[in-house]
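Presented below is the structure to which this report refers.
What follows is calculated from the coordinates using simple rules that are stated; it is not laboratory data. The shown structure was predicted, so the numbers you read here are calculated from the model rather than taken from an experiment. Cβ coordinates were reconstructed from backbone atoms using ideal geometry, including for glycine residues, and neighbour counts include every protein chain displayed.
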Amino acid sequence: MTRLAFAAVSSSPILLSPTRRHLRFPNRPISALHVSAMPDPHPSLDITGGARDLFLPAFSSLHRPYSPFPLLAQNCHVETIFASFFRCSPPVTYKRECLRTPDDGAVALDWVAGDQFRLPPSSPVLILLPGLTGGSEDSYVRHMLVKARSKGWRVVVFNSRGCGDSPVTTPQFYSASFLGDMRQVVAHVASRYPNANLYAVGWSLGANILVNYMGQDYETCPLAGAVSLCNPFDLVIADEDFRKAFNVVYDKALTNALCKIFKKHALLFEDLGGEFNTPLAANAKSVREFDDALTRVSFGFKSVDEYYSYSSSSKAIKHVRTRLLCIQAANDPIAPARGIPRQDIEENPNCLLIVTPKGGHLGWIAGPEAPLGSPWTDPVVMDFLEYLERGSSQSPACRSDGEALQQSTVDLHQLKV
């Protein structure tokens with residue numbers, strides 16, 4: 001969502017870098033994607049989307065009922081909070097790479113130490129985008145990373161400006177609609193591993209940014225596939241619910257995290273004029289208040305509502321041409337089910353939507369590793385991504401044009417910290 005810190009076939013080919021392997025399956029027969037007989041999905045799962053029939057064979061577990069862990073899943077807030085505080089965090093040793101962006105900002109990429117020697121250059125690469133104020137230390141990020149690595153994937157965590165101790169070098173953080181850093185990171189990773197397919201997984205605000213990127217940059221997006229988890233989609237609706245009842249607890253927690261990041265770098269914002277309200281940003285009582293004091297001004301919006309409306313990925317999903325899996329929980333208190341753009345997902349031949357009856361936000365305490373292990377979503381995500389990777393390795397080369405990708409790579413400079 002715009003704030004959490006507990007965090008098909010395409011009708012026309014996508015333009016890609018000529019140095020990369022085939023990353024799409026335009027106009028290919030379904031049989032080419034390993035379609036095989038499988039049980040129908042369990043009725044406890046709500047599964048829809050234009051790519052439903054195409055991608056259902058990818059999954060090995062959707063014929064089984066979604067069985068949340070007893071007691072914890074009786075209340076969406078209990079599940080959300082339990083997952084945030086008590087889910088185990090797998091040990092991971094990172095090697096950090098900091099990148100300087102064209103506006104002299106900086107983001108941090110956390111790679112798994114040693115993978116540059118352990119994995120071949122052609123291993124698929126997975127970019128992880130955490131939720132608001134989240135980073136590579138979050139348990140849900142680490143569980144996904146460990147699951148992907150166990151399958152032989154190279155994984156990198158994209159820590160946005162100020163998140164995960166990423167350096168802040170200019171008076172600008174990031175936002176739900178700002179795609180400049182995302183483009184830079186994807187271009188950099190693509191240039192570093194030109195013979196590998198790129199994929200991405202985003203949670204909450206990271207999912208919103210990811211879908212916006214795929215929808216707005218659909219002609220140049222080099223991703224072979226992506227997964228969106230607990231995406232708020234419609235930020236206006238999410239904002240309405242965020243300020244109701246128990247949700248104020250999440251609002252307060254996220255606001256505190258935002259204020260902490262801001263205060264750490266307050267000197268950079270000291271001399272800003274115009275509509276900036278730095279005292280309010282430092283002492284905001286809600287995410288909306290923080291966004292009004294700083295975020296919407298930084299990115300040129302006249303009001304918070306204009307910022308939320310423009311930044312909603314529900315408007316971008318109809319344009320997505322990359323294979324996309326969206327997983328939502330029907331009882332998510334922060335990414336409301338009523339904000340899911342169901343019709344656009346159903347009409348997009350590249351999209352699949354899975355809605356679980358329980359899960360909370362960043363919870364999904366179900367499956368064999370519940371309650372302390374990885375969320376129910378992780379094996380489902382890997383089934384999908386491995387299915388795409390197997391299909392891409394057997395497909396013929398498609399039309400490509402890497403000018404946009406190469407141009408954005410030219411402007412990327414590394415920042416050593």
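A compact table of results
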read-out: Selection of trypsin sites (Lys or Arg not before Pro), the range 117-202, meeting DSSP coil and at most 14 other Cβ within 10 Å; value: K151
read-out: Neighbourhood net charge (9 Å Cβ-Cβ; Lys/Arg +1, Asp/Glu -1) for A284; value: -1
read-out: Whichever lysines have a C-alpha closer than 30 Å to that of K358, once near sequence neighbours (fewer than 8 apart) are set aside; value: K147, K151, K244, K252, K285, K315, K318
read-out: Net length gained if the chain between K244 and N195 were fully extended (0.36 nm per residue, minus Cα distance); value: 12.8 nm
read-out: Loop sites in the range 76-147: GluC sites (Glu not before Pro), DSSP, at most 10 other Cβ within 10 Å; value: none
read-out: For P65, net neighbour charge (Lys/Arg +1, Asp/Glu -1) across residues whose Cβ lies under 14 Å away; value: 0
read-out: Sequence-distant aspartates and glutamates (8 or more away, or on other chains) whose Cα lies within less than 13 Å of K302; value: E275, D291, D292
read-out: Neighbour-limited loop hits for GluC sites (Glu not before Pro), the range 178-283 (at most 14 other Cβ within 10 Å; DSSP other than H, G, I, E, B); value: E219, E270, E275
read-out: Whole-angstrom gap from the range 291-367 to the range 215-263, using each part's C-alpha centre; value: 8
